[in-house]
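Have a look at the structure below, then the notes.
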Number of protein chains: 4
Amino acid sequence: MTQTAGRPARPDFGFWCPITVRWGDMDALGHVNNAVYMTYLESARIAFFERWGWRFPGERTGVPVVVSQTFNYRQEVTYPAALEIGVTCTEVRRRSFVLTYGVFRQGTEVLMGDGTTILAWVDAAAGRAVAIPDDVRGLLTETGRR
Amino acid sequence: MTQTAGRPARPDFGFWCPITVRWGDMDALGHVNNAVYMTYLESARIAFFERWGWRFPGERTGVPVVVSQTFNYRQEVTYPAALEIGVTCTEVRRRSFVLTYGVFRQGTEVLMGDGTTILAWVDAAAGRAVAIPDDVRGLLTETGRR
Amino acid sequence: MTQTAGRPARPDFGFWCPITVRWGDMDALGHVNNAVYMTYLESARIAFFERWGWRFPGERTGVPVVVSQTFNYRQEVTYPAALEIGVTCTEVRRRSFVLTYGVFRQGTEVLMGDGTTILAWVDAAAGRAVAIPDDVRGLLTETGRR
Amino acid sequence: MTQTAGRPARPDFGFWCPITVRWGDMDALGHVNNAVYMTYLESARIAFFERWGWRFPGERTGVPVVVSQTFNYRQEVTYPAALEIGVTCTEVRRRSFVLTYGVFRQGTEVLMGDGTTILAWVDAAAGRAVAIPDDVRGLLTETGRR
């Protein structure tokens, strides 16, 4: 999926992270601030990885590093609100992969926003992108779009 | 420019906004958090509009509303750092327009990141996108890419 | 209670607000940032008031305005963590009142921090502190320390 | 100074840190959010320490750790605004010390808020407060209130 692609739907996602909107997430326009959605995606992304025992910062040699981010704001969110974020791996390349997110109002099919993150697989010691190891490739592929 | 387009350079920008990185902008990985760049772009975008007397929230009928966002993380930033963000309007459509940003280390050509925002022109009372008025179209075009 | 007073305990509180620590709440020292606790208290305070139908911003003439804040950091918190914040009104003066908070690890008596907020009762139109109305005084007193 | 003590004035401070208010520092009430002042104080506190070559995180054995915080909100701040924060050490105890801050509108005597932080001197390896070394005590005393 790209910035201009169609909207994701709930069946696209196999992993979910709940998010409780905080009053302080709103800005002077009285809705959740644009930047705060990136914090929501970060929470979902980290929960997605934690299933595999990954920690940030952690002890592993290979780590995913955010290379780029896209986000489509579909509907404004105001406090109070309970959201849930679907995460799936939509593409695995040689040295990078793509996560796609759908931000839904909890328990509904109402899409508040969606986006993608490209992450490089980086050798932490060498400080450069390297080929994704087979075991990681397997995890990412298994958790990809149904 | 799109997420995959080439890197912007300083001559692409006619408007600049300085940003002082705060210690608290860093996250547990010891560098400026991904989401905080969106706050930096927001500061630059609002300064870009303020030259025309616009305020947020303000009294105007037509307002720019963020529809989507892309960002490419080129180099990590650690505190302390002084940045400056170039902003330019790279496309004006019928009811929306595109701002492109370049985040540079202050006074240098070192690009830390770059991105784009698509903004719809919204009739605040009607709550829907409308045609960009001629005067706004003129301002956006004048300030576009050199 | 003041900054130097004893530690609050769970029985001191009759109202509770759960808080899920976000990864992004941590700073470069790898623990929840000092300032973020104020956001946690804000979430708890607003939930405390919302039981009475108050909204922020809202339509009421009289509004509570934060005048001062104290906080004692008892133990550092690292992600992941589930907290719960107890809130109680410990003092009602003529034109102001004091809320006291205890931040506990969820479901335990482990105190991570505690603090107080003094709030003035402000006439929103006049922009100045006025006497707390009897109905508000009643609500605050009922919800005070057991 | 304590929470209820008199207001600090510019001559009380020998160290100053400028702060540029960001649009995103405002909350849904249209003014700088209460919690954000703690981020401002943090920026000022870290700049205060950096004069001595201290870094956070750093390599030193002894580190200052925030134990408690007070803040008095004197006037609301709205974007755009340029502030400057005065910092001084108002008390040095055996294993802790007190920093006092005054948040002023830049270049004026208009006090927007003021507060104090108690910091313990902690042996990072041992993880407990220890006596403040003489050289640190000297630095803190020299930079104290005039």
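No value in this document is a laboratory result; all are computed from the given coordinates. Source: prediction; values computed, not measured. Glycine gets a Cβ as well: all are built from the backbone with ideal geometry, and neighbour counts include every protein chain shown.
Observations, loosely collected:
- Positive-end residue of C:Val98, C:Pro133, C:Asn72, charge dipole of the range C:10-142 with Cβ unit charges: C:Pro133
- Separation of the range C:71-146 from the range B:46-97 is 38 Å, based on Cα centroids.
- Share, in percent, of DSSP beta bridges within chain C that are antiparallel, nearest 5: 95
- Kirkwood Rh in Å, taken over all unlike Cα pairs in the range D:88-144: 12.7
- Of the residues B:Thr143, B:Thr108, B:Ala124, the one whose Cα sits farthest toward the positive end of the charge dipole of the range B:60-146, with +1 on the Cβ of Lys and Arg and -1 on the Cβ of Asp and Glu, is B:Ala124.
- Dipole magnitude for the range B:12-146: computed about the Cα centre from +1 point charges on Lys and Arg Cβ and -1 point charges on Asp and Glu Cβ, it is near 320 debye.
- Percentage, to the nearest whole number, of Cα pairs in the range B:1-73 over 14 Å apart: 71
- The GluC sites (Glu not before Pro) of the range B:82-118 that DSSP puts in a loop, and whose beta carbon has at most 14 other beta carbons within 10 Å, are B:Glu109.
- Amide H contacts under 5 Å for C:Val77, placed H, 5+ residues apart: C:Val32
- Put a plus charge on the Cβ of each Lys and Arg, a minus charge on the Cβ of each Asp and Glu, and nothing anywhere else: the dipole of the protein assembly as shown about its Cα centre is then about 0 debye.
- Inter-chain neighbour count for C:39-47: the average number of beta-carbon atoms from partner chains within 10 Å of each residue's beta-carbon is 4.
- Relative to the globular-protein estimate of 2.2 N^0.38 Å, the Cα radius of gyration of the protein assembly as shown stands at 0.98.
- Per-q log10 I(q)/I(0), the range D:12-142, q = 0.16, 0.17 Å⁻¹ (Debye; single scatterer per alpha-carbon; no solvent): -0.81, -0.89
- Relative contact order (%) - criterion: Cα under 8 Å, at least six apart; region: chain C: 30
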